[in-house]
Amino acid sequence: MNMTLGEGKGLIKGILDELKNPETYTYKTDVVICPPFYLLNLAAGMTDGAHGIYVGAQNCHYEDKGAFTGEISAPMVLSSGAKYVIIGHSERRQYFAESNELLAKKAKAALKTGLTPIFCIGELLETRNAGKHFELVEQQVNESLFDLPEEEFRKIVIAYEPVWAIGTGVTATPAQAQEMHEFIRKIIAKKYGEVVAGDLKILYGGSCNAQNAAELFSQPDVDGGLIGGASLKVADFVKIVLSA
Ligand code: PGA
């Protein structure tokens with residue numbers, strides 16, 4: 001929940017001016033810009049899907065339409081020109097009481113509509129300190145995603161975001177990120193097989209910045225990042241993209 005319309009438009013334009021520049025266009029990763037709802041359609045028009053740059057929403061409701069004042073549905077997001085939607089961000093879980101069960105419904109709604117869910121999981125500091133972080137992450141994946149048939153599950157992107165690292169300046173070490181990503185891939189291999197697990201994109205999020213991104217992304221099971229604070233500065237975000 002950052003930036004007004006003009007500010008957000010300026011930020012997106014700044015990022016696109018850099019990333020669409022043939023001299024900086026050397027990155028191999030897809031880039032998904034996930035602004036607040038009021039910028040989705042504008043951002044989609046600015047990106048046009050060119051240069052591997054797409055737009056995503058930060059949330060959606062599980063029903064297609066109806067009396068849910070203040071909410072936005074997956075078909076609405078899709079009609080804006082967005083292709084992705086973040087589901088289960090820790091702030092949605094924490095401040096809006098979104099449960100694994102509710103998030104399972106949201107993931108299904110997004111997939112049914114043709115959006116790619118970027119599904120967020122991750123543990124609180126207390127959970128890690130109690131040595132229960134693997135168990136918790138397994139439960140989040142199990143209760144929200146393991147109901148999906150393989151052909152649907154394959155379309156999902158997972159973002160591992162330890163809650164203690166989000167917006168705190170405390171990043172997971174590359175070894176901590178790798179350890180958890182490897183674990184996530186292992187539980188997915190058990191359920192859907194090695195091929196699906198190997199193809200799955202698992203992003204790391206939580207104080208990822210221009211200084212630490214390259215090392216995090218160099219870990220074998222870290223496929224990219226979910227960038228919060230550092231995405232609000234053009235130069236930092238572009239540097240992160242170029243290091244992917
Ligand atoms: P951060 O945020 O990069 O500022 O820690 C990550 C997020 O919002 O998911």
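Can we say G66 is within 18 Å of K112 (Cα to Cα) and in contact with a strand residue (DSSP E or B) (Cβ under 9 Å, 6 or more places away or on another chain)?
On the way: within 18 Å of K112 (Cα to Cα): yes; in contact with a strand residue (DSSP E or B) (Cβ under 9 Å, 6 or more places away or on another chain): yes.
Spelling it out, G66 is indeed within 18 Å of K112 (Cα to Cα) and in contact with a strand residue (DSSP E or B) (Cβ under 9 Å, 6 or more places away or on another chain).
I need the full set of residues from the range 41-61 which are aliphatic (A, V, I, L, M) and surrounded by fewer than 16 Cβ atoms within 10 Å (Cβ to Cβ), in order please. Before the answer, list the steps.
First, the residues of the range 41-61 that are aliphatic (A, V, I, L, M): 42-44, 46, 50, 53, 55, 57.
Result: A50, single match.
May I ask you to verify whether G206 is touching a helix residue (DSSP H, G or I) at 6+ places or on another chain (Cβ under 6 Å) and on the phi > 0 side of the Ramachandran plot? Here the answer is yes, as G206 does meet what is asked. G229 falls short on exactly one of the conditions (1) over 25 Å from R154 (Cα atoms); (2) away from the ligand (no atom under 14 Å from the Cβ); (3) surrounded by fewer than 19 Cβ atoms within 10 Å (Cβ to Cβ), and that condition is (2).
Counting only helices (runs of 4 or more DSSP H) wholly contained in the range 82-176, the ones carrying 1 or more residues that are farther than 25 Å from E71 by Cα and either at pLDDT below 95 or more than 15 Å from the ligand (Cβ to nearest atom) (or both) occupy 125-129, 133-145, 150-153.
Please specify each residue of the range 116-166 satisfying the condition of being hydroxyl-bearing (S, T, Y) and closer than 14 Å to L103 by Cβ.
So in the range 116-166, the residues hydroxyl-bearing (S, T, Y) come out as 116, 127, 144, 160.
Listed by number, the list holds a single entry, S144.
Taken over the range 161-180, the criterion of being surrounded by fewer than 17 Cβ atoms within 10 Å (Cβ to Cβ) and acidic (D, E) is satisfied by E179 alone.
The residues of the range 62-74 that are crowded, with 19+ Cβ neighbours inside 10 Å and of a type outside the set (A, V, I, L, M), listed by number, are Y62, S73.
In the range 182-201 there is no residue matching the filter, namely being crowded, with 20+ Cβ neighbours inside 10 Å and within 16 Å of the ligand (Cβ to nearest atom). For the range 120-135, the count of residues that are more than 14 Å from the chain's Cα centre (by Cα), aliphatic (A, V, I, L, M) and farther than 20 Å from S207 by Cα is nonzero. Residues that are closer than 18 Å to G224 by Cβ and of a type in the set (A, V, I, L, M) were ranked within the range 142-174; the one that is nearest to the chain's Cα centre (by Cα) is A159.
If the condition is being loosely packed, with under 14 Cβ neighbours inside 10 Å and either closer than 30 Å to R92 by Cα or among the hydroxyl-bearing types (S, T, Y) (or both), then the range 26-40 contributes T26, Y38. Among helices (runs of 4 or more DSSP H) entirely within the range 177-244, having at least 3 residues that are modelled with pLDDT of 95 or more and within 16 Å of the chain's Cα centre (by Cα) singles out 213-217, 234-242.
Output the residues belonging to the range 90-146 that are basic (K, R), over 16 Å from E63 (Cβ atoms) and surrounded by fewer than 18 Cβ atoms within 10 Å (Cβ to Cβ). Break it down into steps so the answer makes sense when it comes.
First pass over the range 90-146, keeping only residues basic (K, R): 92-93, 105-106, 108, 112, 128, 132.
Adding the requirement that they be over 16 Å from E63 (Cβ atoms) leaves 92-93, 128, 132.
Within the range 90-146, just K132 meets the criteria.
The values are calculated or read from the model by the stated rules, or taken from the named source; none is laboratory data. None of these values were measured; they are calculated from a predicted model. Cβ sites come from the backbone with ideal geometry, for glycine too, and all protein chains shown count toward neighbours.
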